[in-house]
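The values are calculated or read from the model by the stated rules, or taken from the named source; none is laboratory data. Since the model is a prediction, treat every value here as computed from it, not as a measurement. Cβ atoms come from the backbone with ideal geometry, glycine included; neighbour counts cover every protein chain shown.
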Amino acid sequence: MPETLPEQVPDQLAELLTFIGGHYNYWMVIILMMIGLYITISRGNLIKKIVGLNIFQSSVFMLYISMGKVTGGTAPIITGNPDEVYSNPLPHVLILTAIVVGISTTALALALVVRIREAFGTIEEDEILTIERDLEFPAHEASK
């Protein structure tokens, strides 16, 4: 029995590496998604939060585009061949729309950051919350 174990291990390792390498686009989606989520949650700077959201959004785009690709598929143009395999164009069309919406949302977010900077003098979330708290609950002056 121990003699067959070393022969099985390389086969299993090769299968694992083939599985991981064959799905590299999904691994990249997961990595980018986690990076974007981490940046969004961990950073206090509003610009960095917007960048994190854009990275997260790009990973979602990659996921949908990856799922829309069919191996050996062609553009969905009818050629008369009944055995033709087509790639689904719907995910690509939806992603084009999502990219436009994402750019618009990013522009709006950046405009809001500019207004926040003008109003509070900072774009750090902790400092903004402190300023808002001080405005809402002003310190009482000592009696004269």
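Check whether at least one residue in segment 135-143 is part of a helix (DSSP H, G or I), under 18 Å from the mean Cα position of the chain (by Cα) and over 20 Å from Asn45 (Cα atoms), and report yes or no. Quick ask: steps written out before the conclusion?
Of all residues in segment 135-143, those part of a helix (DSSP H, G or I) come to 135-136.
Going one step further and asking which of them are under 18 Å from the mean Cα position of the chain (by Cα), we end up with none.
For segment 135-143, residues part of a helix (DSSP H, G or I), under 18 Å from the mean Cα position of the chain (by Cα) and over 20 Å from Asn45 (Cα atoms): absent.
Condition (residue is surrounded by 11 or more Cβ atoms within 10 Å (Cβ to Cβ), out of contact with any strand residue (DSSP E or B) (no Cβ under 8 Å at 6 or more places or on another chain) and either closer than 30 Å to His23 by Cβ or touching a residue at least 60 places away in the same chain (Cβ under 8 Å) (or both)) applied to segment 113-121: is it met by at least one residue? Within segment 113-121, one or more residues are surrounded by 11 or more Cβ atoms within 10 Å (Cβ to Cβ), out of contact with any strand residue (DSSP E or B) (no Cβ under 8 Å at 6 or more places or on another chain) and either closer than 30 Å to His23 by Cβ or touching a residue at least 60 places away in the same chain (Cβ under 8 Å) (or both). Being surrounded by 11 or more Cβ atoms within 10 Å (Cβ to Cβ) and free of Cβ contacts under 8 Å to residues at least 24 places away in the same chain is a property that Phe137 lacks. Scanning segment 60-93 for residues that are closer than 19 Å to His23 by Cβ and out of contact with any Gly (no Cβ under 6 Å at 6 or more places or on another chain) yields a count of 14. Restricting attention to segment 46-82, the residues being of a type outside the set (S, T, N, Q) and over 25 Å from Leu129 (Cβ atoms) number 18. Screening segment 19-67 for residues that are at pLDDT 90 or above and in a loop (DSSP other than H, G, I, E, B) and picking the one that is farthest from the chain's Cα centre (by Cα) gives Gly44. Identify all residues within segment 68-108 that are assigned to a loop (DSSP other than H, G, I, E, B) and in contact with a Pro (Cβ under 6 Å, 6 or more places away or on another chain); write none if there are none. Of everything in segment 68-108, those that are assigned to a loop (DSSP other than H, G, I, E, B) and in contact with a Pro (Cβ under 6 Å, 6 or more places away or on another chain) turn out to be Pro76, Pro89. Within segment 37-87, the set of residues being of a type in the set (Asp, Glu) and in contact with a strand residue (DSSP E or B) (Cβ under 7 Å, 6 or more places away or on another chain) comprises Glu84 only.
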